[in-house]
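Okay, structure first, notes after.
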Amino acid sequence: MKIGTDLQLAKAELEAGRLVAIPTETVYGLAANALNEQAVLEIFKAKNRPTFDPLILHAGSLEQVRSLLLEVPPLAEQLFETFSPGPLTILLPRTPQIPDLVTAGLPTVAVRIPRHPLTLELLQSLDFPLAAPSANPFGYVSPTRPEHVAAQLEDQVAYILDGGRSEVGLESTIVQISEEGTLEVLRKGGLPIEELENYGPVEVFEHSTSNPRAPGMLKSHYSPKTPLQLGYLDDLIAEYPQKRLGILAFKRTISGVPVDRQCVLSESGDLAEAARNLFASIRSLDALDVDIILAEWVPEKGLGRAINDRLRRASVK
Ligand code: TXA
Ligand code: MG
């Protein structure tokens with residue numbers, strides 16, 4: 001059986017240069033020894049991901065983070081101390097020890113300390129960091145449950161460490177610190193931007209297909225196979241009278257579509273619950289025989305900003 005909670009086995013596979021899917025509080029990662037270039041290459045092959053798209057390093061402690069970087073500016077240190085372990089990734093100058101393949105040759109490396117207890121224990125037991133992108137085929141929706149990983153990548157991994165459902169459900173927030181000390185948010189994610197605002201000016205980079213600030217941060221990520229249309233549900237439904245519809249609603253189902261083709265993100269309108277349910281809901285609607293998924297915006301605040309970002313990107317076809 002490839003899925004389980006055997007930390008010793010996960011550790012042994014990683015030490016042997018093989019791929020292990022790891023649970024994190026954000027989404028499941030597809031992990032390999034970051035210092036073993038051959039092992040890292042397997043990640044790109046398994047995901048069918050272009051090698052110009054760099055990976056995030058996962059470490060078990062701030063001490064380990066420091067050992068991977070040329071320098072950790074005081075602001076970064078403060079952010080790690082406040083928000084790690086947790087859904088925050090920071091881009092910082094890397095040491096030559098880190099293979100070029102991990103960073104796509106960039107002088108900076110993305111690092112974070114994930115909060116899931118199993119993965120944290122695993123990381124603390126290893127003497128190398130893990131490189132891990134989300135454990136989905138390139139371009140598809142990220143996995144938030146072990147069965148999502150098994151459904152798409154079971155043959156490519158040596159082991160899936162089962163940590164249950166991801167508690168946050170959205171990928172980490174990625175920031176870079178400018179020379180002037182501005183926090184540049186390159187990807188909205190599981191740490192709400194509002195939380196960062198106490199640490200200096202924050203600038204949010206919106207995504208574009210033409211000039212991505214970071215490689216791989218393209219709009220067309222997170223796409224289900226079924227087209228997804230985003231807007232106001234009542235208006236959208238009127239636009240598709242002849243179609244079999246899947247509905248992704250924020251708080252309540254709508255009339256006129258069978259309820260088994262509708263997913264509600266949070267009946268109480270709780271954005272954290274909505275975030276937790278988002279990717280699993282998109283996956284389950286994508287697995288139905290529907291022509292199109294209609295989705296609505298959630299409130300543009302807190303985690304809602306990252307949810308809307310993912311919905312927007314899922315809707316590009
Ligand atoms: O929550 C997360 O961040 C999850 C879990 C598994 O930790 N990981 C994740 O990794 O979402 P991935 O590879 O799916 O997304 C990482 C993003 C990519 O868009 C990549 O281009 C960007 O981070 N990135 C990584 N290193 C970078 C660097 N040095 N400079 C700019 N962008 C970078
Ligand atoms: Mg990803």
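Quick note: the coordinates plus some simple rules give every number you see, no bench work behind them. As the structure is a computational prediction, the values presented were derived from the model and not from experiment. As a convention, Cβ positions derive from the backbone with ideal geometry for all residues, glycine included, and neighbour counts pool all protein chains shown.
Give me Rg/Rg_expected for the stretch 94-147, where Rg uses Cα atoms only and Rg_expected = 2.2 N^0.38 Å with N residues.
Numbers: Rg = 13.3 Å, N = 54, 2.2 N^0.38 = 10.0 Å.
Scaled against compact globular proteins, the figure is 1.33.
Sorting check: for 64-74, 137-147, which peptide has the highest mean count of neighbouring beta carbons within 10 Å, and how do the rest follow?
Working: 64-74: 15.8, 137-147: 20.7.
Listed from highest to lowest mean packing, they are 137-147, 64-74.
For the Cα atoms of the chain, what angle does the longest principal axis make with the long axis of helix 37-47, in degrees from 0 to 90, nearest 10?
0 degrees
Please report, in debye to the nearest 20, how large the charge dipole of the stretch 1-143 is about its Cα centre when each Lys and Arg carries +1 at its beta carbon and each Asp and Glu carries -1 there.
Numbers: 10 positive and 14 negative charges, 78 e Å.
So the magnitude is around 380 debye.
Rank by packing, highest mean first: peptides 78-90, 193-205, with packing defined as the count of other Cβ atoms within 10 Å averaged across residues.
Numbers: 78-90: 20.7, 193-205: 14.5.
My ranking of the peptides, most packed first, is 78-90, 193-205.
Taking the chain as a Gaussian network, where each spring joins two C-alpha atoms under 10 Å apart, which residue of GLY60, GLY256, GLY304 fluctuates the most?
Comparing GLY60, GLY256, GLY304 in the GNM, the peak value goes to GLY256.
Taking the simple approach of a point 7 Å from Cα along Cα-to-Cβ for both ALA104 and LYS225, what is their distance in nm?
Those two pseudo-labels are separated by 2.7 nm.
Which order, highest average first, do 165-172, 47-54 follow once you tally other Cβ atoms within 10 Å for each residue and take the mean per peptide? Walk me through the intermediate numbers first.
On the way: 165-172: 24.0, 47-54: 16.0.
Output ranking for 165-172, 47-54: 165-172, 47-54.
Pull out a ≥ b ≥ c, the square roots of the eigenvalues of the alpha-carbon gyration tensor of the stretch 1-138, then state rounded if a/c is under 1.5, prolate if not and a/b is larger than b/c, and oblate in the remaining case.
Details: a/c = 1.66, a/b = 1.20, b/c = 1.38.
It is oblate, given that a/c is not under 1.5 and a/b is not larger than b/c.
What does DSSP give for the chain in terms of the percent of beta bridges that are antiparallel, rounded to the nearest 5? Each step should come with its number before you reach the end.
Working: 17 of 42 bridges.
The answer is about 40 percent antiparallel.
If you line up the Cα atoms of the chain on their principal axes, what length do they span on each, largest first, in Å?
That gives 58, 50, 35 Å along the principal axes, largest extent first.
Compute the helix-to-body angle for 303-314: its Cα long axis versus the longest principal axis of the chain, expressed 0 to 90° and rounded to tens.
Compared with the principal axis, the helix lies near 80 degrees.
Mind checking the dipole of the stretch 1-75: about its Cα centre, +1 per Lys or Arg Cβ, -1 per Asp or Glu Cβ, Debye to the nearest 20? Don't skip to the end; give the middle numbers.
Working: 7 positive and 9 negative charges, 49 e Å.
In total the dipole reaches around 240 debye.
Which entries of LYS45/LYS251; LYS11/LYS45; LYS11/LYS251 show an alpha-carbon separation above 32 angstrom in the structure shown? Please report the intermediate quantities before stating the final value.
Values: LYS45/LYS251 39 Å; LYS11/LYS45 21 Å; LYS11/LYS251 41 Å.
Check vs 32 Å cut-off fails for LYS45/LYS251; LYS11/LYS251.
Report, to the nearest 10°, how far helix 74-83 tilts away from the longest principal axis of the Cα atoms in the chain, using its own Cα long axis and a range of 0 to 90°.
Between the helix axis and the principal axis of the chain, the angle is about 50 degrees.
Using Cβ contacts closer than 10 Å as the measure, can you line up SER178, SER268, SER61 from fewest to most?
Details: SER178 11, SER268 7, SER61 15.
Lowest to highest Cβ neighbour count: SER268, SER178, SER61.
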